[in-house]
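Chemist: Quick one: the structure is below, and I'll ask about it shortly.
The values are calculated or read from the model by the stated rules, or taken from the named source; none is laboratory data. Note that the coordinates shown come from a computational prediction; the quantities given were computed from them, not determined experimentally. Virtual Cβ from ideal backbone geometry, glycine too; neighbours counted across all protein chains shown.
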Amino acid sequence: MRSLFISLRSEFYKSRKGLAFWAAILLPVLICGLIAFGYFNSSERILRNNMPPMGLWGQYSSQALAVMGMLILPFYVIFMAFSVNNIEHKNDTWKTLFSLPLQKLSVYSAKFFYSVLLVLICLALFMGLTYLFAHLLHLLIPAYRFDLYDPSLLLFQYYLKLFLSAMGILSFQFVLSLMWGDFLKPMGLGFVGTIAGIICANVQWKWAYLIPFSHPTLAMRMGKLRKSPADGIDIMTQEIWTSLAYMVVFFILGYFILAKKNIK
């Protein structure tokens, strides 16, 4: 456990100035800020629809969820998985890393769990800023009445489902970035996979859930409410179980690939 903690801390210090780390923070701030500005700037047009607070919350929060779930999240995960391992490829420090008095499994696990942590931070900020900016809008424009409905449970469940749906992509791309140190192979395959996954999910192909890149889109499309909004949504749907299964399989596969890797 101590070995894992040391490795995790090392990953943070190595990547804290990198684009993958800062993107996890800046993407939610930028996107949620732009959505809030749009609602502030177009308040008269939006308020003319006279939507109830629950409907307005649904319209407002779905803006960030749709953009993040169907487009930004897959591409961010692909880039971030590449960046975490590319630090070692670029600096040729795999040999140095494995010469340290740390277990190879701890070093590998730390890299993977650090990647998971970055996705978690990114989505947690999206959820928190969606909620905070809505209440800031209410303070500036009281007619929005965001205070009359609390969407905390639904926001948490949707973003949790989105987080779980990204694990299949992350684990697959993590393995690719271990195998190849160049930019084009893992990133190119990831981009093609994302486009194919979105298309398969949107045309509702029955086997789309087997494609890890389709999971975020499916998670948002299948996030149906139960009997009432107070009951929340079904989180552990077919694509989520598949995503978690992929995570376990590719995590184990990645460790064996790294263990057999010829470190010169």
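Chemist: For the range 148-168, how many residues meet the condition of being loosely packed, with under 14 Cβ neighbours inside 10 Å and either touching a residue at least 40 places away in the same chain (Cβ under 8 Å) or touching a Cys at 6+ places or on another chain (Cβ under 6 Å) (or both)?
Modeler: 2
Chemist: Quick one: would you say Lys104 is touching a Leu at 6+ places or on another chain (Cβ under 9 Å), modelled with pLDDT under 85 and basic (Lys, Arg)? Write out each step before concluding.
Modeler: Values: touching a Leu at 6+ places or on another chain (Cβ under 9 Å): yes; modelled with pLDDT under 85: yes; basic (Lys, Arg): yes.
Against the criterion (touching a Leu at 6+ places or on another chain (Cβ under 9 Å), modelled with pLDDT under 85 and basic (Lys, Arg)), Lys104 qualifies.
Chemist: So, of the residues in the range 177-188 that are out of contact with any Pro (no Cβ under 8 Å at 6 or more places or on another chain) and surrounded by 16 or more Cβ atoms within 10 Å (Cβ to Cβ), which turns out to be modelled with the lowest pLDDT?
Modeler: Ranking the qualifying residues of the range 177-188, first place goes to Gly181.
Chemist: Show the residue pairs meeting these rules: Cβ distance below 6 Å; 6+ apart or different chains; first residue within the range 103-126 and among the hydrophobic types (A, V, I, L, M, F, W, C); second residue not in a helix (DSSP H, G or I).
Modeler: Once the first residue is among the hydrophobic types (A, V, I, L, M, F, W, C) and sits in the range 103-126, its partners that are not in a helix (DSSP H, G or I) give Val119/Ala166.
Chemist: Among residues belonging to the range 44-82 that are at pLDDT below 85 and of a type in the set (S, T, N, Q), point out the one that is farthest from Ala201 (Cα to Cα).
Modeler: Asn50
Chemist: Here's a check for you: in the range 202-214, which residue that is modelled with pLDDT of 90 or more, over 16 Å from the mean Cα position of the chain (by Cα) and not in a loop (DSSP other than H, G, I, E, B) is surrounded by the most Cβ atoms within 10 Å (Cβ to Cβ)?
Modeler: Ala208
Chemist: Using beta carbons and a limit of 6 Å, which pairs, at least six apart or on different chains, have the first residue in the range 244-260 and farther than 15 Å from Val116 by Cα and of a type in the set (Val, Ile, Thr) and the second one assigned to a helix (DSSP H, G or I) and modelled with pLDDT under 95?
Modeler: Listed by first residue and then by second, the contacts come to Ile257/Leu178.
Chemist: While we're on this one: When you go through (1) closer than 26 Å to Phe126 by Cβ; (2) touching a helix residue (DSSP H, G or I) at 6+ places or on another chain (Cβ under 8 Å); (3) modelled with pLDDT under 90; (4) surrounded by fewer than 23 Cβ atoms within 10 Å (Cβ to Cβ) one by one for Ala219, which number turns out not to apply?
Modeler: Condition not satisfied by Ala219: (4).
Chemist: Please find, among Leu26, Leu65, the residue that is in a helix (DSSP H, G or I), aliphatic (A, V, I, L, M) and within 15 Å of Pro151 (Cβ to Cβ). Spell out how you get there, then give the answer.
Modeler: On the way: Leu26 fails: within 15 Å of Pro151 (Cβ to Cβ).
Among Leu26, Leu65, only Leu65 is in a helix (DSSP H, G or I), aliphatic (A, V, I, L, M) and within 15 Å of Pro151 (Cβ to Cβ).
Chemist: Identify all residues within the range 129-170 that are part of a helix (DSSP H, G or I), touching a Pro at 6+ places or on another chain (Cβ under 8 Å) and under 30 Å from Lys111 (Cα atoms); write none if there are none.
Modeler: Selection gives Leu129, Leu162, Ser165, Gly168, Ile169.
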